[in-house]
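The values are calculated or read from the model by the stated rules, or taken from the named source; none is laboratory data. Everything numeric in this text was worked out from a predicted model, so none of it was measured. Remember, those area values only see protein heavy atoms, side chains included, never the ligands or the DNA or RNA. Shrake-Rupley method; radii C 1.70, N 1.55, O 1.52, S 1.80 Å.
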Amino acid sequence: FMWEQWNPGCAVAGCTGTAVDQRSSESFSHGWGAAGISGILRSLLGIDVTGPGAATIRIAPPTSGLRHARGTEWTERGRVSVDWQRTGHGFTLDVTVPVNVTATVVLPGRAAQAWGDGAPRRVDERAGSTEFTVGSGRTQFRSYTGSP
């Protein structure tokens, strides 16, 4: 990321100060400094906005790598929260979807179960994954990689 001033801590151009002046409007996190966050949210949490105004989203946590991730992404319609964990027998996922948003949730594994406020509905089961559609609220999922 870049400073918004070339001489941080200086109230006027040409100053040689070294301390950041907290009364000025300079910052470390201007818009271009946050560009990497969308990739982190998509790759580590599995959150992807798929419709205009975030009316639809897709949540598909990664199938390899980390054992656990938790976080929140702000959208035009509210916060989407995800907490997933790979276990010895499969996968658990807890999602919170804002009002007026429909989420497609893809879980690795089979024999998936879902329950919660979002009225989860299984829409597809393929080799290695199960797909649900859920509405707003908190919904929990569990899938198995071995025998349930």
**Request:** Please label the shape of segment 39-148 as rounded, prolate or oblate, based on the square roots a ≥ b ≥ c of the eigenvalues of the alpha-carbon gyration tensor (a/c under 1.5 means rounded; beyond that, a/b larger than b/c means prolate, else oblate).
**Result:** prolate
**Prompt:** Just the accessible area per residue of segment 40-148, please: how many Å² with a 1.4 Å probe?
**Reply:** 53
**Prompt:** Using modelled backbone amide H atoms (1.01 Å from N, in-plane), which distant-in-sequence or interchain residues come within less than 5 Å of residue 101's amide H?
**Reply:** 136
**Asked** Where the accessible area of segment 103-148 is counted over protein heavy atoms with a 1.4 Å probe, how much of it, in %, is carbon and sulfur?
**Response** 43
